[in-house]
Amino acid sequence: MVTLLPLIQVSSFGCNLRCRYYYYHFNDQIPRIMNRGVLDKLTKEVIQNSGMHVYFCWHGGEPTLAGLDFFQEALDIQQFYKRKDQKITNSIQTNGVLVDEKWIEFFSLNNFQIGISLDGPKEIHDCYRKDRNNGNSFNQVIRTIGLLRSDRINFGVICVLTDKNVNCPEKVYDFFVNEGIENFNFGLAVMYDERRYLEPFSITPKQFEIFMIGLFEKWMAEDNPNIKIPRLQDFVRGVLGQKTTCCEFNDWCHHYLMFDYDGTVRACCSLPQNWVVGNITSQNLPDILSSPDLMTVNKKIRAVRQLCRGCKWQKPCRGGCPGYSFLLSSENGHRNYFCSSYKNIYRYLQKRIKKL
């Protein structure tokens, strides 16, 4: 049985922020909340088609827009369908703006795994992470992080690398550590406009390469075993021939499905939005998992993986996230946008580690 990692868009593309680099920013971003019927069917299908470990990842848009009552109902439905031998893990990725003491209590009581979006210091974070009135969001996010820390709730941070922070790895590292954030990872902002020009916020492969190498040197110099940087550490693990943990280096695309508020099912949120593979309201999960549409998605992914044949770093890299191989077209894939940077990072780390 394939371990399923459902990404659930309870508010669809709706969000209370208007992040310029957000891959759904071209949608109207009006919250459309999943109704009880869709939630019940989705939950039942995921639990009945999972093994002992069941995962629900609440995603967005901004999932907290659905409200606390929605999430309490979601947990009640989970308990109704859960088998005695199953363990359910809930995780949520949130911008943190709406999280208050009641949310913190709920997360703590129900053992949620929490990811917070934070792009670095205030002058960096507030460049692109604006609210709908063009107001800043940094102070609200830091307040939420303070609440999480005061309640001793473990959390991680996702920092999106843009043109504003990609040239200062040491500054970003120091900021997170000084804020008491010990687990932080990086998303990569890359988007083309209608004319096939890179959007101004996008980073280049060379910038990413230099950032990761600088981050590695900073991480090594600080020598703090409590600091966890999954993407960086997976590059190191790859060089050492160890097992990696991030999905992009493990070819785990077939584990992920994205469920929209109306039951529409798509491939992972990192893949083209028009890769619709079914609807959970009218189909059962096994039929979706064996559908021709999902088979087509997997075929496209396998095709771009073939571009890596013969590469020295194919085994640890696995071609990276295929979302970066379909930036220009959802039909015809290309070599991963970050391919050259991945190779150079591996080469650098290999030489550097040999000297240790």
Solvent-accessible area, 1.4 Å probe, carbon plus sulfur percent, for the chain = 49
Could you give the nm distance between label points at Asn139 and Asn35, where each point is 7 Å from its Cα heading toward the beta carbon?
-> 4.0
What trypsin sites (Lys or Arg not before Pro) does region 206-252 have in DSSP loop regions with at most 11 other beta carbons within 10 Å?
-> Lys243
Considering the values (i) 20, 43, 25, 11, 1, 0; (ii) 21, 47, 31, 1; (iii) 28, 61, 10, which represents P(r) over Cα pairs in 20 Å bins from 0, in percent as calculated for the structure under consideration?
-> (iii)
Protection proxy ranking of 344-352, 316-324 - average other beta-carbon atoms within 10 Å, highest first = 316-324, 344-352
Check: C-alpha center region 133-169 vs C-alpha center region 241-316, spacing in Å is 29
Around Phe80, with a cut-off of 14 angstrom between Cβ atoms, what is the net charge of the other residues, counting Lys and Arg +1 and Asp and Glu -1?
-> +2
Entries of Lys171/Lys355; Lys315/Lys343; Lys41/Lys299; Lys243/Lys299 with Cα pairs more than 21 Å apart = Lys171/Lys355; Lys41/Lys299; Lys243/Lys299
If the label point is 7 Å along Cα→Cβ of Met220, which residues in region 321-356 have backbone nitrogen under 14 Å from it?
-> 345-356
Compute the FRET efficiency between Leu307 and Asn110 as 1/(1 + (r/R0)^6), taking r as their Cβ-Cβ distance and R0 = 51 Å, and round to the nearest 0.05.
-> 0.75
Taking H as built 1.01 Å from N, whose amide H comes closer than 5 Å to the amide H of Val157, not counting residues under 5 places away?
-> Ile116, Asn183, Phe184, Asn185
The relative contact order of region 1-108, taking Cα pairs under 8 Å that sit 6 or more residues apart, comes to a percentage of 33
Regarding region 89-129, what whole-number volume in Å³ per residue does the convex hull of its Cα atoms give?
-> 71
What is the distance, in nm, between label points placed 7 Å from the Cα along the Cα-to-Cβ direction at Leu198 and at Asn154?
-> 3.6
11 Å beta-carbon shell around Glu123, net charge (K/R +1, D/E -1) | +1
Starting from the Cα of Glu331, step 7 Å along the direction of its Cβ; do the same at His53; then give the gap between the two resulting points in nm.
-> 4.0
Neighbourhood charge, 10 Å Cβ-Cβ cut-off, centred on Val277 and excluding it, Lys, Arg +1 and Asp, Glu -1 | 0
Per residue, how much accessible area does the chain have with a 1.4 Å probe, in Å²?
-> 47
Which length gain, in nm to one decimal place, applies between Cys168 and Thr281 when the Cα-Cα distance is subtracted from 0.36 nm times their residue separation?
-> 36.0 nm
Here the relative contact order (percent) of region 218-356, from C-alpha pairs under 8 Å and at least 6 apart, is 23
For Arg129, enumerate residues with amide H under 5 Å from its amide H, sequence gap 5+ or separate chain, H modeled in the peptide plane.
-> none
Helix-only mean residue ellipticity at 222 nm for the chain, each DSSP H run of n ≥ 4 adding -39500 (n - 2.57), per residue, nearest 500 | -11500 deg cm²/dmol
The chain: relative contact order as a whole-number percent, Cα under 8 Å and 6+ apart | 17
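The values are calculated or read from the model by the stated rules, or taken from the named source; none is laboratory data. Keep in mind that what you see is a predicted model, and the values were worked out from it rather than measured. So basically every Cβ, Gly included, is an ideal-geometry build from the backbone, and we count neighbours across all protein chains shown. Ligands, DNA and RNA are excluded from the accessible area calculation, which covers all protein heavy atoms including side chains. Shrake-Rupley method; radii C 1.70, N 1.55, O 1.52, S 1.80 Å.
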